[in-house]
Amino acid sequence: MPKQIAAFFLVVIVAQVAVTSTSTNFKWDASINRDTGIASCCEVSIFPISSRIADNKVRHIANKIITGYPKFLTRPSLTLGLLKVKHVSVDHTDLRTRVCPWCLLTFGRPIDTQTLICKKLAREYSGVVICSSEIPIVNGLLAQSKGDGCLRFTLIRQAKCENSHLVNTLLITEIDGQYKPSIAGSRCPRSKVRCAVYCATQRMFHEYVMWRFHRLLRAELENICM
């Protein structure tokens, strides 16, 4: 287990290199407000898929992958087998460590939603929202506040490219609401040191996870074109 823990921190370092040097079709921005302790982030990737694929089919595949996000976090290639999920109720899923078992995060049931934010994103990117889901962040060791934040996943289809059967599709993922990471502490304003620790560890690892998640969803959507 000590070797796995050491390897996990190595993954965090690799994550920083991977995310900061990734290709131009994945953009991200993440920060924490020292005065409130609220963390926020947004990741955007764009990729072409066939315009012949019905939105309903794209929506079905995307929702299936998004619903499985907590399970995705336990992939050995991502977290080295250190994590597992446990369905504690119909509405809640825990992300836990295999040893001890500590609950790092509790996720609520994914909710299909078409918020004003989604409509704003559609206007901003000149497209149509195919699907949008939110996964509430309910509790856990990594969450200081309870039930005030969420992960939002939005898939947008832009206009068809001229003289092409391809259409650009955007995946936008966000942490929204009042999510306050425990690593940053609870005293206002947050310590510069603790915020720096959060930004160098949990923030970077989250961006690495989302980079991998964007790649997964893109690959699944591209597969239905074949």
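See the values below:
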| quantity | calculated |
| --- | --- |
| Degrees separating the helix 202-223 axis from the principal Cα axis of the chain, which is the longest one | 30 |
| Student exercise, the chain dipole from Lys, Arg, Asp, Glu Cβ charges, in Debye to nearest 20 | 460 |
| Listed residue (CYS42, ILE130, LEU95) projecting farthest to the positive dipole end of the chain, Cβ model | LEU95 |
| Value of [θ]222 nm, deg cm²/dmol, for the chain, DSSP H segments ≥ 4, -39500 (n - 2.57) each, nearest 500 | -11000 deg cm²/dmol |
| Heavy-atom accessible area order for LYS86, LYS71, LYS180, largest first, 1.4 Å probe | LYS71, LYS86, LYS180 |
| For Rg/Rh (Cα atoms, Kirkwood Rh), calculated from these coordinates, the label among [x] 1.03; [y] 1.43; [z] 0.97 | [z] |
| Rounded tilt (10° steps) of 2-20 against the dominant C-alpha axis of the chain | 40 |
| Percent carbon-and-sulfur accessible area, the chain, ignoring ligands, DNA and RNA, probe 1.4 Å | 58 |
| Distance between the range 45-104 and the range 141-204 - C-alpha centres, whole angstrom | 15 |
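The values are calculated or read from the model by the stated rules, or taken from the named source; none is laboratory data. Note that the coordinates shown come from a computational prediction; the quantities given were computed from them, not determined experimentally. We place every Cβ from the backbone using ideal geometry, glycine too, and count neighbours over all the protein chains shown. Only protein heavy atoms, including side chains, enter the accessible area calculation; ligands, DNA and RNA are left aside. Shrake-Rupley method; radii C 1.70, N 1.55, O 1.52, S 1.80 Å.
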